[in-house]
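What follows is calculated from the coordinates using simple rules that are stated; it is not laboratory data. Just so we're clear, the structure is a prediction, and the values are computed from it rather than from any experiment. For neighbour counting, all protein chains shown are included, and Cβ atoms are generated from backbone atoms with ideal geometry for every residue, glycine included.
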Amino acid sequence: MTAVAADRFPTQLIIGGEQMDAASGERFSVVNPATEDELAPVAKAGVADVDRAVKSARETFESAKWRNMSARQRGALCYRLGELVHQHRDELARLETQNNGKPIFESLIDAKLTSETFKYYGGWADKIHGETIPVDGPFLNFTLREPIGVIGAIVPWNFPMSLATWKLAPALACGNTIVLKPAELTPYTAIRLAELALEAGFPPGAFNCIPGPGSVAGSALVKHPGVDKIAFTGSTEVGRQIMMDAAGTLKKIQLELGGKSPNVVFADADLDAAARGALNGIFYGKGEVCAAGSRLLVEEPVREELMGKILERAKKMVAGDPLNPKTRLGSVVSRKQMDRVLGYIEKGKSEGAMLRHGGERTPVNDKGYFVSPTIFDSVERGMTIAQEEIFGPVLAVMSFEGGVEGASDLANSTIYGLAAGIWTKDIKKALRAAKAIQAGTVWINTYNMYDAASPFGGFKQSGFGRDLGVHALDGYMQVKSVWVDLS
Ligand code: NAP
Ligand code: MG
């Protein structure tokens, strides 16, 4: 696919329906990680811009236009935005690929999920209602489900448009207004979504977008007294900081954090399917996927056989130009992230894991932060690469004995609990393992499946609250109990 020209990149803040520069006039540079070229510089939101954006979101939240808009009409706006995303999917996907380094084939999938998520929540808007409750005494008691207010959404760089939408769509459908802070590394599709929302007919100020550094714009948003809730996706470390910073104003928070998800292969599994699933689990999105199946737990008797199949497939995975529709492995998002991933690979070697494949930087046309698909064998549960989230194309293969119990004991041996995969032909075994493994999502004989209707979120230190599905709606509404004396 052809690249989006530099002068077609959206680069301004969107506040109160207006495109604008930062109050300071400053801009920050953004890089295409696959080519190392600089892209269009973007307005850099600072504390004053956060304040402007929050005030605008508050004004709109309290405006008659937004308050009196019928739920059905809000739903129609969300649906229309979903349609606009679909119409602009090629442009959005190219922006995402040029900015993040992921293959265009993946960005088109992101655009599809983004469009579907807006449409899904558009459908919910007029189906959200309270209940009547049979209380004691001569009273009518009923509940109202009301929006929370101004939502601050802070998202990472790995799935910029779809993860932003996982917050935006349910929040807007429920009648909140939003200030979105995308990651500094990947601002473009977020700005474009804010522009498309205006085109769809959302009132100015319903959806504001303020790209800028997390330590400044993100932090100011979390501490701002005018923000009612922070919906965050990102690292466990920053999640912890947000929890502390939100304490000052007792803000509601929802955190979707990191993972070290186990992909568990029992000896009776279809090993070809499991090998495919293992590779998809860790190399999709260059491993920069919060739910990446970064630990492959294999039942001892089939360890070598499965490893053979995995290595055979991994050898065919070659990084390429992310804009080429045939490319299946793109560039890591930044030089810093590449160095971090290569650092973990060195750590794996020095701690005694056996490097079976990859482990290097592999530029394409002498450029880019590409890292080859990396596979470590003989990984022990105490090793750094078995415990810490690498967020790159690095698979740690470990073996287990002791059936479901042995598997779940090893699977549960990290601080995380985001997702898990289970491979077996025995349905009872699969369901026993699904119950025993602590994770917010379990995939049986598949991996990395998502749908706007299915909830996603973490157990343990992978966070709390749920994105997607009916469950996400609870995060963007509050319940009011109303009593009426009938005596
Ligand atoms: P990150 O460093 O935690 O950043 C996430 C967002 O938080 C970015 O927009 C960042 O801004 C902002 N931020 C940084 N410091 C902040 C602060 N003090 N206050 C407020 N905001 C702040 O994560 P990342 O490096 O972008 O992404 C990788 C991580 O995200 C991984 O650990 C991964 O597991 C996790 N993740 C989780 C999920 C999930 O659904 N559970 C999904 C995707 C990713 P800047 O980047 O502009 O500084
Ligand atoms: Mg970061």
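The value of relative contact order for the chain, using C-alpha pairs under 8 Å at least six residues apart, is 18 percent.
Count the net charge of all other residues whose Cβ sits under 12 Å from the Cβ of Gly368, scoring Lys and Arg as +1 and Asp and Glu as -1. Taking every Cβ under 12 Å from that of Gly368, the sum is 0. Compute the label zone of Phe28 within the range 183-202: residues whose backbone N is under 11 Å from the point 7 Å along Cα-to-Cβ. Hits in the range 183-202 for Phe28 at 11 Å: 183-187. For a straight C-alpha distance cut-off of 13 angstrom, the aspartates and glutamates reachable from Lys349 (same-chain residues fewer than eight places away being disregarded) are Glu360, Asp377, Glu380. Applying 1/(1 + (r/R0)^6) with R0 = 30 Å to the Cβ-Cβ distance of Asp474 and His86 gives a FRET efficiency near 0.65. Extending 7 Å from the Cα toward the beta-carbon at both Glu36 and Arg72 defines two label points whose distance is 5.9 nm.
For the pair Trp483 and Glu312, the difference between a 0.36 nm per residue extended length and the Cα-Cα distance amounts to 54.9 nm.
Of all lysines in the structure, those lying under 21 Å Cα to Cα from Lys309, and not within fewer than 8 positions of it along the same chain, are Lys286, Lys425. Each peptide in 420-426, 186-192, 463-469 was scored by the mean count of other Cβ atoms within 10 Å over its residues; highest first, the order is 186-192, 420-426, 463-469. Computed over the chain, the per-residue total of -39500 (n - 2.57) for DSSP H runs of n ≥ 4 gives a 222 nm mean residue ellipticity of -11500 deg cm²/dmol, rounded to 500.
If you take the alpha carbon atoms of the chain and fit the smallest convex hull around them, that volume is 148 Å³ per residue.
Of the cross-linked pairs Lys102/Lys229; Lys102/Lys336; Lys102/Lys326, those separated by over 21 Å at the C-alpha level are Lys102/Lys229. With R₀ set to 25 Å, the beta-carbon distance separating Glu131 from Ala434 gives a calculated FRET efficiency near 0.20. Label separation (Arg276 vs Lys349): 3.4 nm, computed from points 7 Å beyond Cα along the C-beta direction. Any aspartates and glutamates with Cα under 17 Å of the Lys429 Cα? List them, leaving off those in the same chain fewer than 8 positions away. Excluding near neighbours in sequence, the set is Asp268, Asp270, Glu299, Glu300, Glu401, Glu405, Asp409.
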